[in-house]
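The values are calculated or read from the model by the stated rules, or taken from the named source; none is laboratory data. Fair warning: this is a prediction, and the values are worked out from it, not measured in the lab. Note that each Cβ is placed from the backbone with ideal geometry, even for glycine, and that neighbours are counted across all protein chains shown. Ligands, DNA and RNA are excluded from the accessible area calculation, which covers all protein heavy atoms including side chains. Shrake-Rupley method; radii C 1.70, N 1.55, O 1.52, S 1.80 Å.
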Amino acid sequence: MKLQQLRYIWEVAHHDLNVSATAQSLYTSQPGISKQIRLLEDELGVEVFSRSGKHLTRITPAGEAILKTAGEILRKVESIKQVAQEFSNEKKGSLSLATTHTQARYALPSVIETFINRYPDVSLHMHQGTPMQISEMAADGTVDFAVATEALELFSDLIMMPCYRWNRCIVVPRNHPLCQLSELTLEEVAKHPIVTYVFGFTGRSKLDEAFIEKGLAPKVVFTAADADVIKTYVRLGLGVGIIAKMAYDETLDEDLVALDASHLFQSSVTKIGFRRGTFLRGYMYEFIELFAPHLHKDIVTEAYNRHSKVEVEELFSSIELPTY
């Protein structure tokens, strides 16, 4: 059994069983990959993939178990490389993170700018996706860090640390009827068509819970994953927008009015998570602290050493988070 064979089956499984696409991504030949997979299956005495002619059709039950262990082995190998690199050149390497559009557009730019200036030899890779995709990428080792508000709690292998609290604002064109109210209420907001986030994005669950508690059924006419898209359709008169407060820019959005809605909805908490067992290099600790200054190396190490999600939550229960 060769490490290369494990990498091939792992990559094929994560390229939708497309051997050709896998070969392109690994800069090798399709016949070479197919041959090595067959040799591994012959050695193990079981098929990792079912086939129809020359095409792979699905992962077998045995293959599922083998791939899980193969992923763990490959992550351990990557950790060994990280350890060696930390001692050979502590300021050179790579860092990958997955996050949502709102975090990438509004929360992370200054952090990333500072980080790149400090570590010009660290290549930074950002992946955007749904909160579920982001969590999965962190859980399976595709990325080092996940930054999101929703879905991270669904993965027990992730160590999740709270970064900051945030709330929402209502964005409307100037002279909109909501601007004339002395007190903004959910009842008044619900009288208008609503443009907001797709369910599962950027604290959408808190928004829905608030309306349900009041017995209201707002008319959501348009949803998007991108706050900038939401603002575009507010400008077109499609409805009132409900977005993260951080996504309103006083300069770029001067044609819109942002009405504070922090009294209407419970605040949400953005977290940063990484897979349990990840080897954290020095610059990784620094990235976390740049994003959330209270998450200094000592407390991150303490969270890393906690054995369960409950213990990690207890560690942060008394910390007062910044609010945006």
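Sort the following peptides by mean Cβ neighbour count (other Cβ atoms within 10 Å, averaged over residues), highest first: 120-133, 45-58, 258-271.
Taking the mean over residues of other Cβ atoms within 10 Å, the ranking is 258-271, 120-133, 45-58.
Only Cα pairs within less than 10 Å get springs; with that Gaussian network setup on the chain, which residue of Ile134, Ile159, Ile73 has the largest fluctuation?
Greatest mean-square fluctuation among the candidates belongs to Ile73.
How much net charge surrounds Lys231 when only other residues with a Cβ under 11 Å from its Cβ are counted (Lys, Arg +1; Asp, Glu -1)?
Numbers: positive: Arg235; negative: Asp226, Asp228, Asp249, Asp253, Asp255.
Counting the neighbours of Lys231, the net charge comes to -4.
Could you work out Rg/(2.2 N^0.38 Å) for the stretch 1-127, with Rg from alpha carbons only?
Normalised by 2.2 N^0.38 Å, the Cα Rg of the stretch 1-127 equals 1.33.
Helix-derived [θ] at 222 nm for the chain: sum -39500 (n - 2.57) over DSSP H runs of at least 4, divide by residue count, nearest 500?
About -12000 deg cm²/dmol.
Heavy-atom accessible area per residue, the stretch 3-104, 1.4 Å probe: how many Å²?
That works out to 56 Å² per residue.
Just add up the charged neighbours of Thr57: K/R +1, D/E -1, any other residue whose Cβ is under 15 Å from the Cβ of Thr57. Walk me through the numbers before you get to the answer.
Working: positive: Arg51, Lys54, Arg58; negative: Asp16, Glu41, Glu47, Glu64.
Neighbourhood net charge equals -1.
Give me the percent of the accessible area of the chain that comes from carbon and sulfur atoms, probe 1.4 Å, all protein chains in place.
Answer for the chain: carbon and sulfur cover 51 percent of the accessible area.
Could you tell me which label, among [x] 22.3; [y] 20.8; [z] 19.1, carries the value of Kirkwood radius over Cα pairs in Å calculated for this structure?
After the calculation, the listed value that fits is [x].
With a cut-off of 8 Å between alpha carbons and a minimum separation of six or more residues, what is the relative contact order of the stretch 221-324 in percent?
Relative contact order here is 15 percent.
What is the distance, in nm, between label points placed 7 Å from the Cα along the Cα-to-Cβ direction at Thr185 and at Leu252?
Between Thr185 and Leu252, the label points sit 3.5 nm apart.
What fraction of the DSSP beta bridges in the stretch 43-193 is antiparallel, stated in percent and rounded to the nearest 5? Display every interim value, and only then the final one.
Values: 4 of 14 bridges.
Restricted to the stretch 43-193, the bridges split so that about 30 percent are antiparallel.
So what's the net charge close to Arg75: Lys and Arg +1, Asp and Glu -1, counting the other residues with Cβ under 12 Å from its Cβ?
+1
Are there any helices in the chain, counted as whole DSSP H runs, that stretch 15 Å or more along their axis by Cα and score at least -1.0 on average by Kyte-Doolittle, and if so which?
3-13, 30-44, 61-88
Between the alpha-carbon centers of the stretch 250-323 and the stretch 168-183, tell me the distance in whole angstrom.
If you average the Cα positions of each part, the centres end up 31 Å apart.
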